[in-house]
């Protein structure tokens, strides 16, 4: 099992962290939109925010773990054109920044009145910064805006991965679904070159078979040459007889 990253693919740890964070981020966004529509007497009026905060802390912990794992592992080379690789690099950086900013804004909402963050009813995170003017309102506006930006960026990221898979036909999406052996792709774009080589070979084969009688004609010509050679050597004494006649004359 490939646990660690290598220059051409992700290990199982990175893949697991990626999909856990993606699931939590989209789930928290949906839960956040749902809980603000609840009235006071709804059974989830208190439970939904508590769950939202606890899962937000889980995202923060996963983010720290993912950054630490990334620093301890080689970063797989992005695939595609040069401008696509640069965009991919900055998109990943922006993901980390936006995720951290959304978590911090959510923390400032909860602790605005000096209340700690209760995590799954097991432990508490103390309120280290509170009492600022309009802290809850301002932090709430930033939290909502940053969350929308993060989810929108994740949607564009998904479309880019699908483009790599169905149009470019490289391993960008596949290597985030399962670990690939280091020898799977020697360099970014290797699959593209392999596909081109395969197509070129197919075209050559089709060109060779375009005239189905060409090989038959070639074989007949070879056989005819062989027959002529055999005819010349069929009478090995013919030249000697001719020379004797010339000498008698």
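Go through (1) assigned to a helix (DSSP H, G or I); (2) within 23 Å of residue 155 (Cα to Cα); (3) in contact (Cβ under 8 Å) with a residue 60 or more places away in the chain and name the single condition residue 56 misses.
With (1) assigned to a helix (DSSP H, G or I); (2) within 23 Å of residue 155 (Cα to Cα); (3) in contact (Cβ under 8 Å) with a residue 60 or more places away in the chain applied to residue 56, the lone miss is (3).
If you check 112, 105, 101, which single one turns out to be over 21 Å from residue 46 (Cα atoms) and surrounded by 12 or more Cβ atoms within 10 Å (Cβ to Cβ)?
101
Are any residues in the stretch 74-114 in contact with a strand residue (DSSP E or B) (Cβ under 9 Å, 6 or more places away or on another chain), in a loop (DSSP other than H, G, I, E, B) and either within 23 Å of residue 166 (Cβ to Cβ) or modelled with pLDDT of 95 or more (or both), and if so, which ones?
Within the stretch 74-114, 76, 111 qualify.
Test of understanding: among 190, 161, which residue is surrounded by 12 or more Cβ atoms within 10 Å (Cβ to Cβ), under 30 Å from residue 82 (Cα atoms) and at pLDDT below 95?
190
Would you pick out the residues in the stretch 41-57 that are within 14 Å of residue 119 (Cβ to Cβ) and out of contact with any strand residue (DSSP E or B) (no Cβ under 8 Å at 6 or more places or on another chain)?
49, 51, 52, 55, 56
Could you figure out which of (1) touching a helix residue (DSSP H, G or I) at 6+ places or on another chain (Cβ under 8 Å); (2) part of a helix (DSSP H, G or I) isn't true of residue 38?
Every listed condition holds for residue 38 apart from (2).
Can you name the condition, by its number, that residue 64 falls short on among (1) out of contact with any helix residue (DSSP H, G or I) (no Cβ under 6 Å at 6 or more places or on another chain); (2) surrounded by 13 or more Cβ atoms within 10 Å (Cβ to Cβ); (3) farther than 30 Å from residue 166 by Cβ?
The single condition residue 64 does not satisfy is (2).
Taking the stretch 127-171 as the search range and keeping residues that are free of Cβ contacts under 8 Å to residues at least 12 places away in the same chain and not in a helix (DSSP H, G or I), which one is nearest to residue 92 (Cα to Cα)?
Checked the stretch 127-171; the qualifying residue nearest to residue 92 (Cα to Cα) is 134.
Kindly indicate whether any position in the stretch 142-151 is under 30 Å from residue 6 (Cβ atoms) and surrounded by fewer than 18 Cβ atoms within 10 Å (Cβ to Cβ).
no
The values are calculated or read from the model by the stated rules, or taken from the named source; none is laboratory data. All figures in this text were calculated on a predicted structure; none of them were measured in a lab. Positions of Cβ are generated from backbone atoms using ideal geometry, with glycine treated the same way; all protein chains shown enter the neighbour counts.
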